[in-house]
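So the structure is just underneath, and the comments pick up after that.
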Amino acid sequence: MPPNEYVDRDRNHDNTTHGTEPEAEGEPEAGADEEAQLLPAEELDFEDSDAATKPYITQRRSCWQHLQGPHPLRPQAISPFCPKIQHAPIDLLDRILPHQSHKIVVLAIVIFIWGAIFLGLLSAQLPLQDNTGRNVVNLDCVDTLWRPRNDCGIDGIACRPFSNTSLAFRCPANCASVQLLNPHAVGPLDVNYRPFIIGDEIYRGDSFICASAIHAGVIGDGNGGCGRLSRLGDHENYLSTKKHGIESIPYDSYFPLSFSVESTDSDFTCSTDPRFSLLVVSLLFTTIISIFFAFPWQFLPIFIMIFTQVSFASDPPSASYHNTTVIPDHISAFAKRLLPALFCATIFYFTVVKRTLNGLTAQIEKTLLWLGGFWFGSLANYTFDWIPLSRLTAHDLEQQPGAKVALAVILILLVCIIVQQIVYFWLEGRLLRYLGLYGLFVFCILVFLAIPDVSLRIHHYIIALLLLPGTSMQTRPSLLYQGILLGLFVNGIARWDFDSILQTTAALRADGAFDSKLPTILKPIIKLSATELAATFQWGIPPKSIDGISVLVNDVERDRAFFADEEGDVVKEFTWTRPVGLELNEYFRFAFVRDGRTLDYTRAGTLFANGTWAKMEGQ
């Protein structure tokens with residue numbers, strides 16, 4: 001109802017209830033209530049005061065009515081560009097298959113053909129043997145010979161043998177872009193946000209094997225491939241070079257385990273990672289469905305096809321350590337995640353997607369914007385890889401270069417998109433309903449932030465769940481935004497599962513720092529004899545909750561002493577000896593031990609080849 005109708009109604013109501021102005025000024029009409037003529041003056045004043053508030057009430061009602069949308073409402077619908085061209089695929093299918101049931105049968109046949117081709121290409125990941133009859137080992141992009149966080153034990157005992165063994169391996173594609181997400185020690189350096197590769201031709205034992213093979217030119221990053229690894233034992237002076245798009249890390253001392261990689265062309269034939277062949281097949285068949293079929297529930301088969309592509313090929317989850325084939329692990333993860341993902345997809349369809357695709361005959365625009373956005377979001381490990389924003393946590397935002405700027409740009413872009421979508425919702429008269437929904441979302445987020453001892457983690461699928469309702473309209477921008485968000489949901493669930501949005505500090509830390517107290521290391525006592533140099537390290541009194549201290553020498557744990565084993569008041573110490581002729585620097589780090597676990601290590605102190613000592617930074 002227009003605002004002037006509200007004003008007229010209020011005026012009529014006032015006239016009916018309180019009488020007209022002539023009655024107030026002149027004689028009362030015949031039959032008028034005598035009690036109305038005898039009202040005290042202050043009561044008449046009260047009526048005038050109440051009447052003065054009517055414009056304010058009317059104004060409030062007008063604002064509320066304005067938020068409900070224009071009059072008349074303007075539902076959004078896409079009018080196709082070049083409608084004859086965009087309708088042609090639908091018209092062709094209608095002439096060949098006039099009945100809806102026939103179209104459904106054809107759609108089922110298309111999906112069956114896609115599945116058969118997909119399985120045929122996926123067979124390239126079946127078990128493989130080398131020329132000696134041994135199984136080829138499947139590796140993840142982050143697999144190493146030397147285990148992280150001291151898991152190799154004192155002197156690396158759990159990671160032996162160090163030399164005289166070899167293995168054939170197979171790597172997936174896209175390992176060159178896999179980076180560290182927490183600082184790792186390499187001698188005097190703490191490296192982060194780069195592939196962990198130390199050396200050239202001969203690589204330190206804790207280097208990423210697959211990235212090292214790419215650096216050596218044994219396999220390609222685009223298709224992965226096979227190689228043979230040989231353990232070479234102790235090595236020193238690892239060089240830094242940039243090859244095949246990867247720059248390795250230098251290290252000027254020794255390490256007990258090293259390896260080299262070489263091609264296997266003469267040993268056995270190895271098929272490459274089929275992910276890009278599978279992508280072409282899946283992209284082709286989803287495009288056929290999008291162009292030739294107009295019913296909105298085509299979303300569900302497209303969702304399953306893209307989810308399958310991500311789960312098995314484009315961004316598959318991690319598999320068991322050193323297995324012979326990754327297929328069983330990927331089938332297990334796929335079966336576990338698809339059913340709850342389909343439940344969410346069904347909700348998406350009835351609440352968001354159906355409104356966007358229903359009655360849409362702009363087949364080419366739908367394919368480019370909606371389906372293209374769907375694929376763009378689902379391939380986030382490629383399409384968003386260039387953004388310096390790995391995880392939306394305070395720790396990562398602080399330490400990753402460019403993360404804050406990237407987040408600011410994304411938020412500004414997101415605000416612009418939200419304003420645009422608000423206008424469309426207002427035109428359709430649905431603004432208030434969705435403002436209430438997002439008010440509930442904001443309230444829940446604030447409640448989650450207030451919960452102690454856990455941190456709110458915004459995953460890919462959470463972003464999609466929060467923003468998808470804002471795309472439930474048929475506009476070209478909504479087609480694109482909805483497609484990207486659906487892709488992010490698929491990528492997040494197929495790769496990482498429904499990870500909790502509330503995570504403990506330990507879960508978020510992974511292999512990162514504990515932010516624990518560091519030992520105070522005194523200046524070492526260095527003694528030089530004819531054959532060896534001995535450096536004795538001592539430390540201050542540890543906190544009461546600490547059990548012992550761990551010593552790293554050249555990034556290898558060499559000692560773990562426990563204070564409860566000490567008798568009397570003797571100061572605990574660690575002595576390191578080295579031959580006089582060793583012309584290499586050695587790097588020392590110390591960490592407290594609590595409950596059988598090493599905490600944060602100090603920065604490296606350097607024992608130079610000439611016997612002098614450079615103290616650790618911050619000590």
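The values are calculated or read from the model by the stated rules, or taken from the named source; none is laboratory data. The shown structure was predicted, so the numbers you read here are calculated from the model rather than taken from an experiment. With ideal geometry, Cβ positions are generated from the backbone for all residues, glycine too; neighbour counts draw on all protein chains shown. Only protein heavy atoms, including side chains, enter the accessible area calculation; ligands, DNA and RNA are left aside. Shrake-Rupley method; radii C 1.70, N 1.55, O 1.52, S 1.80 Å.
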Practice prompt. Compute the relative contact order of segment 295-345 as a whole-number percentage, counting only Cα pairs closer than 8 Å that sit 6 or more residues apart in sequence.
Written response: 37
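Before I look further, what does the chain give for accessible area per residue, probe 1.4 Å, in whole square angstrom? Present the calculation step by step, with values, prior to reporting the outcome.
Numbers: 31860 Å² over 619 residues.
Each residue of the chain exposes 51 Å² on average to a 1.4 Å probe.
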Worksheet item: How much net charge surrounds Ala124 when only other residues with a Cβ under 14 Å from its Cβ are counted (Lys, Arg +1; Asp, Glu -1)?
Response: +1
Discussion item. Counting only other residues whose beta carbon sits under 14 Å from that of Leu479, what net charge do I get with K and R as +1, D and E as -1?
Written reply: +3
Worksheet item: Mind listing the phi-derived Karplus ³J(HN,Hα) values for segment 581-592, rounded to whole Hz, using 6.51, -1.76 and 1.60 with θ = phi - 60°, and x for any glycine or proline?
Response: x, 6, 9, 9, 6, 10, 10, 10, 9, 10, 8, 6
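Cβ neighbours within 10 Å, averaged per peptide: list 413-423, 308-318, 600-610 in order, most packed at the top. Display every interim value, and only then the final one.
Numbers: 413-423: 12.8, 308-318: 22.7, 600-610: 18.0.
Output ranking for 413-423, 308-318, 600-610: 308-318, 600-610, 413-423.
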Worksheet item: Sequence-distant or interchain residues sharing an amide H contact under 5 Å with Glu247, placed H: which?
Response: none
Worksheet item: If the cut-off is a Cα-Cα distance under 29 Å, which lysines reach Lys354, setting aside same-chain residues fewer than 8 apart in sequence?
Response: Lys84, Lys103, Lys336, Lys366
Worksheet item: Residue-wise, which Karplus ³J(HN,Hα) couplings in Hz belong to segment 211-224, taking 6.51 cos²θ - 1.76 cosθ + 1.60, θ = phi - 60°, and x for glycine or proline?
Response: 5, 5, 5, 5, 4, 7, x, 6, 10, x, 6, x, 10, x
Worksheet entry | Length-normalised contact order of segment 521-614 in % [C-alpha pairs under 8 Å, at least 6 apart] | 28
Worksheet entry | Summed side-chain charge close to Phe255 - residues other than Phe255 whose Cβ falls under 9 Å, Lys, Arg +1, Asp, Glu -1 | -3
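Just the number, please: carbon plus sulfur as a percent of the accessible area of the chain, 1.4 Å probe, no ligands or DNA/RNA counted. If you can, show how the numbers build up before the last one.
Values: 19380 of 31860 Å².
The C+S portion of the solvent-accessible surface of the chain is 61 percent.
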Worksheet entry | Vicinal HN-Hα couplings computed from phi for segment 483-494 (Karplus, 6.51 cos²θ - 1.76 cosθ + 1.60; Hz; Gly/Pro x) | x, 5, 5, 4, x, 5, 4, 4, 4, x, 6, 5
Worksheet item: Alpha carbon centre of segment 488-519 versus segment 93-144: separation in Å?
Response: 32
Response to the item:
Expressed as a whole-number percentage, the relative contact order of segment 348-437 with C-alpha contacts under 8 angstrom and at least six residues apart is 12
Fill in: Ordering of 268-277, 167-176 by packing [mean C-beta count within 10 Å, highest first]
167-176, 268-277
Worksheet item: Taking H as built 1.01 Å from N, whose amide H comes closer than 5 Å to the amide H of Glu557, not counting residues under 5 places away?
Response: Asp155, Gly156
Worksheet entry | Rough spin-label spacing in nm, given labels placed 7 Å along Cα→Cβ, for Cys416 and Val105 | 5.1
Practice prompt. With label points built 7 Å along Cα→Cβ from the Cα atoms of Ser62 and Ile157, find their separation and express it in nm.
Written response: 8.6
Discussion item. Starting from the 7 Å offset along Cα-to-Cβ, what nm value, one decimal, do you get for the label separation of Ser529 and Val454?
Written reply: 6.0
Worksheet item: Which shape class applies to the chain: rounded if a/c is under 1.5, otherwise prolate when a/b exceeds b/c and oblate if not, where a ≥ b ≥ c are the square roots of the Cα gyration tensor eigenvalues?
Response: oblate
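Order of 581-588, 183-190 by packing, highest average Cβ count within 10 Å first? Intermediate results must be reported in sequence, preceding the final value.
Working: 581-588: 16.1, 183-190: 17.8.
Highest-to-lowest ranking by the protection proxy: 183-190, 581-588.
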Response to the item:
Taking every alpha carbon pair in segment 274-509 and sorting the distances into 5 angstrom bins from 0 up to the bin holding the longest one, the percent per bin comes out as 1, 6, 12, 17, 18, 18, 14, 8, 4, 1, 0, 0
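Which value in Å is the Kirkwood Rh of segment 336-429 over different Cα pairs? Don't skip to the answer; put the middle values down first.
Numbers: mean 1/r = 0.0606 Å⁻¹.
When all Cα pairs of segment 336-429 are included, the Kirkwood radius is 16.5 Å.
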